[in-house]
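Novice: Just dropping this structure here.
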Amino acid sequence: MAVTKKKSKKAEKTLVIVESPAKAKTIEKYLGSGFTVKASMGHLIDLPKSRMAIKIEENFEPEYITVRGRAKLLKELQKDAKKSDHVLLASDPDREGEAIAWHLNNALKDKTEADIKRVVFNEITPNAIKEAVKNPRDIYESLVNAQKARRVLDRLVGYNLSPLLWEKVKNGLSAGRVQSVALSLICQREQEVEDFIPEEYWSLEADFVKGKSQFTAQLVQYKGEKPDLKNEAQVKEIIEEIKNSECKVTDIKNTDKTVKPKPPFTTSKLQQAAANRLGFTSRKTMQIAQQLYEGVQIGSSRVGLITYMRTDSVRIAQSALDEVRAWIGKNYPEDLPKEPIHYAVGKSAQDAHECIRPTYIEYTPDSIKDSLSRDQFRLYSIIWERFFSSQMNNAKTRTTSVDIQAGDAVFRLSASKLIEKGFYKVIKLLSSKEEVTGNIPALKEGEILDSAHKFYPEQHFTQGPARYTDASIVKMLEEKGIGRPSTYAPIISVLLDRYYVTRSNKQLVPTVLGKMISKILTEAFPEVINEHFTAEIENKLDEVEQDKIVWNNMIGEFYGPFKKRVDEVEQTAQSVKGFLDEQTDIVCDKCGKKMVKKLGRFGFFLACSGFPECYNTKSIPLAKCPVKGCDGEIVARKTKGRGKEFYGCTNYPKCSFISHFKPIDATCPKCGWFMVEKYDKKNGTYKSCINPDCDYLHSQDDTSDIVPAGEE
């Protein structure tokens, strides 16, 4: 009897498409044979950059095209899809990622008979990936519509306002719906800074002695009232009255305070902490978080170390809660709460994803330090600390304050210490200086001390409002409901790239151009360029995502009145083109005509008045070169690569004078060199002579910023 051979079942092929090559590399190792993982490199299909591409008469339908330079990649993915039995679209788990998957689905479905599905995962771990692959789903049209609505709305605003700015201010400018509101906030704060008038006030400290111990206390009360010392004379008067008075300890008070751990990070809180603790810009924070999320080589494996980094939720998955509690129970059993700690999710949070947390409990920062770059290690450390501490017991501090009566004056010294460390046991980089302050000698109420040993009167000036930093503007945007976790970093980056804002000592300062544009837009379009409207739009986009409203209708309600206002402004607004142009006595070295000071995209510059016959442009001289025998001038220059600004002589390379501080419009009365504005934490902003051999207005910690010849 003949034996028929049974045909072996053909192994099925699955194509997985993610956004980035780093993620593809990590995931491919987890899935094994039968799976091919490719990267789309972000959007392959999008709106063109050269035109508006919104069919306004056809219900605002966008005209999508293949992104320039991406056609070859799209064809390769279509070929791969044709050879596959299944295609899994695994772009990021947010609106943007859903839109990328939607476009890919449309581009692939006619080129393959494969089954195309969507998969999402909040963390790149073997379990999460395999679980996602087992549970594919259809694309959520409502998420795609929310992304489409945002894209169309921003395109309509940008492509109407930008030409208006070209016509009224200067060519090449651009405006955006959300960025313009952020710029307005920064300009408002700058106006407050400029309007602030500092007021003088004084404080008084005194040294007291008990035996061999000496300690310093501050004046907190005089003649039964809080001291309001306006000038030095008032302080000297108090010193004269009390300098020989008996000094007596009148009160010793202990105050205990419970300190609760903070919830795990959301995107905005991570950006704020990284800015304050690590000095990272928002863009840098998100770039490094992306690396940690997509996968880092740990030994022989690529490991996704954190969950998805764009989230507004503090929710923790039950499996992660169980794991972290087991770890705390093993390593810090006395600091494990009886029940898990659950944190309230904010009202405006979409709660689509978990908090930002480590994906593997066993990977403590120190255990993987050698596998991470310095910046990756520091960012991972604060994510780890914040997550683990969030599930530990409260800490307790004790503040001791001692009041010392000297005549009609009361001086106070205070010190704090941790009496129960609780969650602080896992805190290093996130520790606060306020937790433990000072030391108090053993004192008793009624004890008589030696007379006040020495007095320290000190002059102060009231501090005005602080300019926004990356941390504080992100906090403000979040509080006002402007933007979403994915947009905070791009908002700041766009303002900096357009030269509407610059960074100075980590502060965001609007440029002349930024102020001018903000003034025009906020005055002409108060209904659109305002925080309430922008927050309202975010809420409507959420409603589109929840399928509560139709995206085209939402756009239609906005566009009619907006376009009408654009047309009105175009007819009525005065042009300020050339308004800031300023004639100078500087002669063009190419044609001999006078040069004009103009405002360009990157600040002021000199242009020949003979334009367009003469195209000569120059940097604006900021000061005369101080090097003896040199007739050059100091101008702004940029280093190669990242383009960091510095200030050098126009006679370079003959003269190698360089300053890393910008000259101000003043010369030193002592030596004649130019003055600069400097900043340090101790003195704040102050003016200083650039000459290292001159002591005029130098900070004691000041060091020369001049690079001698040959050391550039």
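Novice: Of Thr281, Ile529, Ser142, which is farthest along the charge dipole of the chain in the positive direction, counting Lys and Arg as +1 and Asp and Glu as -1 at C-beta?
Specialist: The residue sitting most towards the positive pole is Ser142.
Novice: Please work out the C-alpha center-to-center distance from the range 7-58 to the range 482-520 and express it in whole Å.
Specialist: Using only Cα atoms, the two centres lie 33 Å from each other.
Novice: On to the next question. With unit charges on the beta carbon (Lys/Arg positive, Asp/Glu negative), name the residue among Leu379, His342, Ile404 whose Cα is farthest towards the positive pole of the charge dipole of the range 274-413.
Specialist: Leu379
Novice: Show me the trypsin sites (Lys or Arg not before Pro) within the range 187-274 that DSSP assigns to loop and that have at most 16 other Cβ atoms within 10 Å of their Cβ.
Specialist: Of the trypsin sites (Lys or Arg not before Pro), the ones in loops of the range 187-274 whose Cβ has at most 16 other Cβ atoms within 10 Å are Lys212, Lys223, Lys230, Lys243.
Novice: Which cross-chain or sequence-distant (5 or more) residues have an amide H under 5 Å from the amide H of Glu61, H modelled 1.01 Å from N in plane?
Specialist: So Glu61 has HN proximity to Lys55.
Novice: A further question on this structure: Where does the longest stretch of the chain lie that holds no chymotrypsin sites (Phe, Trp or Tyr not before Pro) found in a DSSP loop with 13 or fewer other Cβ atoms within 10 Å?
Specialist: Values: sites that count: Phe196, Phe579, Tyr615.
Longest site-free region, per DSSP loop and neighbour criteria: 197-578.
Novice: Here's a follow-up. Which loop GluC sites (Glu not before Pro) in the range 102-131, with loop taken from DSSP, have no more than 15 other Cβ atoms within 10 angstrom of their Cβ?
Specialist: Passing sites in the range 102-131 are Glu113.
Novice: Moving on to the next point. Applying 1/(1 + (r/R0)^6) with R0 = 35 Å to the Cβ-Cβ distance of Asn135 and Leu496, what FRET efficiency is obtained, to the nearest 0.05?
Specialist: About 0.25, to the nearest 0.05.
Novice: Assigning unit charges at the beta carbon (Lys, Arg +1; Asp, Glu -1) and nothing else, what dipole magnitude in debye, to the nearest 20, does the range 178-291 show about its Cα centre? Write out the running numbers ahead of the final one.
Specialist: Working: 17 positive and 17 negative charges, 225 e Å.
It comes to approximately 1080 debye.
Novice: If you don't mind, there's one more thing I want to ask. Assigning unit charges at the beta carbon (Lys, Arg +1; Asp, Glu -1) and nothing else, what dipole magnitude in debye, to the nearest 20, does the chain show about its Cα centre?
Specialist: 3240 debye
Novice: I would also like to ask the following. Rounded to the nearest 10 Å², what accessible area does Thr400 show when all protein chains are kept and the probe is 1.4 Å?
Specialist: Counting only protein heavy atoms, the figure is 30 Å².
Novice: With each label point set 7 Å from Cα along the Cα-Cβ vector, what nm distance links Ala442 and Val627?
Specialist: 6.6 nm
Novice: Which one, Leu77, Ala24, Ile361, is farthest towards the positive end of the dipole of the chain when Lys and Arg carry +1 and Asp and Glu -1 on their Cβ?
Specialist: Final value for the positive-end residue is Leu77.
Novice: Using helices alone, I'd like the mean residue ellipticity at 222 nm for the chain: each DSSP H run of four-plus residues gives -39500 (n - 2.57), total over residue count, nearest 500.
Specialist: -10000 deg cm²/dmol
Novice: Taking a probe of 1.4 Å, how large is the accessible area per residue of the chain, in Å²?
Specialist: On a per-residue basis, the chain sits at 53 Å².
Novice: Right, here's the next one. Taking the simple approach of a point 7 Å from Cα along Cα-to-Cβ for both Asp251 and Ile620, what is their distance in nm?
Specialist: The answer from the label model is 5.6 nm.
Novice: What FRET efficiency would be calculated for the residue pair Ser451, Glu570, taking the C-beta separation as r and a Förster radius of 60 Å, to the nearest 0.05?
Specialist: So, using R0 = 60 Å, E works out to roughly 0.20.
Novice: Read phi for every residue in the range 521-531 and hand back ³J(HN,Hα) as whole Hz from Karplus 6.51 cos²θ - 1.76 cosθ + 1.60, θ = phi - 60°, with x for Gly and Pro.
Specialist: Coupling constants for the range 521-531: 5, 5, 6, 7, 10, x, 6, 9, 8, 8, 5 Hz.
Novice: Ignoring ligands, DNA and RNA, please state the percent of accessible area on the range 42-195 from carbon and sulfur, probe 1.4 Å.
Specialist: Roughly 47 percent of what the probe reaches on the range 42-195 is carbon or sulfur.
The values are calculated or read from the model by the stated rules, or taken from the named source; none is laboratory data. For clarity, every value in this text was computed on a predicted model and none was experimentally measured. Here Cβ is always computed from backbone atoms with ideal geometry, including for glycine, and neighbour counts include all displayed protein chains. Side chains are part of the model used for accessible areas, which takes the heavy atoms of the whole protein and leaves out ligands, DNA and RNA. Shrake-Rupley method; radii C 1.70, N 1.55, O 1.52, S 1.80 Å.
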